[in-house]
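This report refers to the structure that appears directly beneath it.
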Amino acid sequence: MLFTSIEFVAFMAAVFLLYYIVPKKWQWPLLLVTSLFFYWCADPMYLIFVGVTIASTYGVSLWLENVNSRQKAYLQNNPQLSKEEKKAYKGRMKGKKWHILLLCLIFNLGILSVTKYTNFVINNINSFLSGGKLSLVDMIVPMGISFYTFQTMGYIIDVYRGKQAAQRNFFKLALFTTFFPQMVQGPISRYGELSKTLYEPHRFERQTVSYGMMRIVWGYFKKVVIADRLITGVTTLIGNEVYSGAYVFVAMLFYAFQLYCDFTGGIDITIGIAQTMGIKLAENFNLPYFSKNIKEYWNRWHITMGTWFTDYIFYPISVCKPMLKLSKWSREHLGPAVGKRVTVYLSSFVVWLTTGIWHGAAWNFIVWGLANWVVIMVSQELEPLYAKFHAKTHLKGKAPYEGFQIVRTILLMSMIRMFDCYRDVPLTFKMVGSMFTEFNWHILFDGSLLNIGLSVADYGVLAVGLLIVLGVSIFKYRGNHSAVRPMLYRSNVLFYGIMALLIFVILIFGAYGIGFDSSQFIYNQF
């Protein structure tokens, strides 16, 4: 266990007080020390892994910048070079930078792969061996390794592309990598954005701090009152195959609400903590359950992960030389209509395969990722038919039809997410299929759902809590996305009254279980 709930609140309070007490020039060093302490509390061994990533990223970023500087100086000092000579020189230097970058990527992604996927590979090898079996490895998987690895690799790629100057202060780069609020579950920050406020001195501003506090409390409300209460029912329903048919439908919806409140609640806490200190983190959600299709859903859910995969995997693959050659060949031999799709679909396939593997070292996550890819690709192919349907029916833009689209997307995503729940591909197909073959929908009304670990009082708390979340979401969806806290802040009585009420609800109705533990956040496993 990293921290109990009381210890974590005390830790945050101590950091907050010290942050505004120390001289402003010591604010970012204080954050570095507290971030390393936070990570040390999880496991001192983790510091070795993150330290190696920081050191290698720091060294390679300076190496790349040195190559860029030498290239610029050489061209300036040799104006007599012809265009062909300049082009050839730039090509050689680009090749050198590429090999330097590749070395860093292989090294750091190799650490991620070995720690997270060694036993997955061994298990798959063992499944094909008829004789002796390979032994599994007792491997350390550092907390948040996927997040900080992707974050630093994004930084090093930006330096390679010349979009970002290398950070010459080793300790500032260490803070960017280990900033404690985002170590548990993101967001995956870009250096160019986070550095704007991470190292700057900040003075106490009542409004900024109040907004951050409100967001922290709101995050704890979603996490402790709703998500941690739902987990009891979800665990019961997916833990026994006897809960089939309509029970799977209930588990599907319960998990959808649990995951949303757990992940968005955690991100609210993360962004809120940073905001109390004047530091701006990237938003990671934009009302995903109001999406009208799967593609839109993924533009609204875990936004920083989606943009990372788009910028650093999809686009580079799409424009690499082998892919361009494949595109040309496809257009010539398969026709323009098919040819233009080949590279897009293949690049998307790699992205979704990688996304599945990133989420976990298991086949259920891989199938989950590819299921998303199939649905998105099919939807894109059907877009002309959708356009004709909308033109004839004039339903597009009408509230009832949009409501249907939203519900359809929620149900489809929830069904795909069952691969995450059952963690077994054949079992997932079996249980999801039972919803259409078993007719036990009476369990929704005859009291059977009182036997899955949730009482009438629990359902009452969940109903009220989810209605509050829905109400706030609808308010934002109607064009008031950033207006909730400013609206409350304009009235001290209303603002502090709501804060006190939420804290009271969290203390009285929170489902604490064994106490707060960062590992209880679902996305900490990534």
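Kindly evaluate F285 against the criterion of being modelled with pLDDT of 95 or more and not basic (K, R). Break it down into steps so the answer makes sense when it comes.
On the way: modelled with pLDDT of 95 or more: no; not basic (K, R): yes.
No; evaluated as a whole, the condition is false for this residue.
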(Q) Looking at V209 and the list (1) over 25 Å from G497 (Cβ atoms); (2) at pLDDT below 95; (3) open to solvent by less than 20 Å² (accessible area, probe 1.4 Å), which single condition is not satisfied? (A) (1)
Q) Looking at (1) open to solvent by less than 60 Å² (accessible area, probe 1.4 Å); (2) under 20 Å from W308 (Cβ atoms); (3) in a helix (DSSP H, G or I), can you tell me which one Q167 breaks? A) (3)
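Only one residue in T34, T53 is more than 17 Å from N169 (Cβ to Cβ), among the hydroxyl-bearing types (S, T, Y) and part of a helix (DSSP H, G or I). Which one?
Details: T53 fails: more than 17 Å from N169 (Cβ to Cβ).
None of the other options fit; the residue is T34.
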Q.
I'd like to check something: does the stretch 342-365 contain any residue that is closer than 24 Å to D424 by Cα, of a type outside the set (F, W, Y) and without any contact (Cβ under 8 Å) to a residue 24 or more places away in the chain?
A. yes
Q.
Anything in the stretch 71-91 that is open to solvent by less than 100 Å² (accessible area, probe 1.4 Å) and in a loop (DSSP other than H, G, I, E, B)? List them, or say none.
A. N78, P79, L81, S82
Q: Within the stretch 200-220, identify whether any single residue is more than 26 Å from M487 (Cα to Cα) and assigned to a helix (DSSP H, G or I), and answer yes or no.
A: no
Q.
Restricting to the stretch 451-461, name every residue that is hydrophobic (A, V, I, L, M, F, W, C) and either open to solvent by 70 Å² or more (accessible area, probe 1.4 Å) or over 13 Å from V250 (Cβ atoms) (or both).
A. V456, A457, V461
Q) Looking only at the stretch 175-188, which residues are open to solvent by 10 Å² or more (accessible area, probe 1.4 Å) and modelled with pLDDT of 95 or more? A) none
Q | Cβ-Cβ under 7 Å pairs, at least 6 apart or on other chains, the stretch 366-388 side within 12 Å of G356 (Cβ to Cβ), far side polar (S, T, N, Q) | A | G369/T355; W373/S348
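Working only within the stretch 92-103, note down all residues that are in contact (Cβ under 8 Å) with a residue 40 or more places away in the chain and surrounded by 13 or more Cβ atoms within 10 Å (Cβ to Cβ). Before you say what the answer is, go through the steps one by one.
So the first thing to find is which residues in the stretch 92-103 are in contact (Cβ under 8 Å) with a residue 40 or more places away in the chain, and the list is 97-98, 100-101, 103.
Listed by number, the residues that qualify are K97, I100, L101, L103.
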Q. What are the residues in the stretch 187-231 that are under 24 Å from the mean Cα position of the chain (by Cα), hydrophobic (A, V, I, L, M, F, W, C) and under 30 Å from F171 (Cα atoms), if any?
A. I188, L194, L198, M213, I216
Q.
Tell me which helices (runs of 4 or more DSSP H) are completely within the stretch 232-339 and hold 2 or more residues being more than 30 Å from F436 (Cα to Cα) and either over 14 Å from the mean Cα position of the chain (by Cα) or among the β-branched types (V, I, T) (or both), or say none if there are none.
A. 246-276, 303-309, 315-319, 321-334
Q) Is it the case that some residue within the stretch 247-269 is open to solvent by 20 Å² or more (accessible area, probe 1.4 Å), touching a Ser or Thr at 6+ places or on another chain (Cβ under 9 Å), more than 27 Å from L450 (Cβ to Cβ) and in contact (Cβ under 8 Å) with a residue 12 or more places away in the chain? A) no
(Q) Need the failing condition index for S448 against (1) in contact with a Ser or Thr (Cβ under 9 Å, 6 or more places away or on another chain); (2) open to solvent by less than 30 Å² (accessible area, probe 1.4 Å), just the number. (A) (1)
Q) Taking the stretch 104-141 on its own, how many of its residues are open to solvent by 50 Å² or more (accessible area, probe 1.4 Å), free of Cβ contacts under 8 Å to residues at least 24 places away in the same chain and in a helix (DSSP H, G or I)? A) 7
Q: Filter the stretch 387-441 down to residues that are within 30 Å of E241 (Cβ to Cβ) and of a type outside the set (A, V, I, L, M, F, W, C), then give me how many there are.
A: 16
Q) Somewhere in the stretch 424-442, is a residue small (G, A, S), surrounded by 15 or more Cβ atoms within 10 Å (Cβ to Cβ), in contact with a helix residue (DSSP H, G or I) (Cβ under 7 Å, 6 or more places away or on another chain) and within 28 Å of M305 (Cβ to Cβ)? A) no
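The values are calculated or read from the model by the stated rules, or taken from the named source; none is laboratory data. Keep in mind that this is a model prediction, so the values were computed, not measured. Counting neighbours? That spans all protein chains shown, and the Cβs are built from the backbone with ideal geometry, glycine included. Protein only, heavy atoms only, side chains kept; ligands, DNA and RNA dropped before computing areas. Shrake-Rupley method; radii C 1.70, N 1.55, O 1.52, S 1.80 Å.
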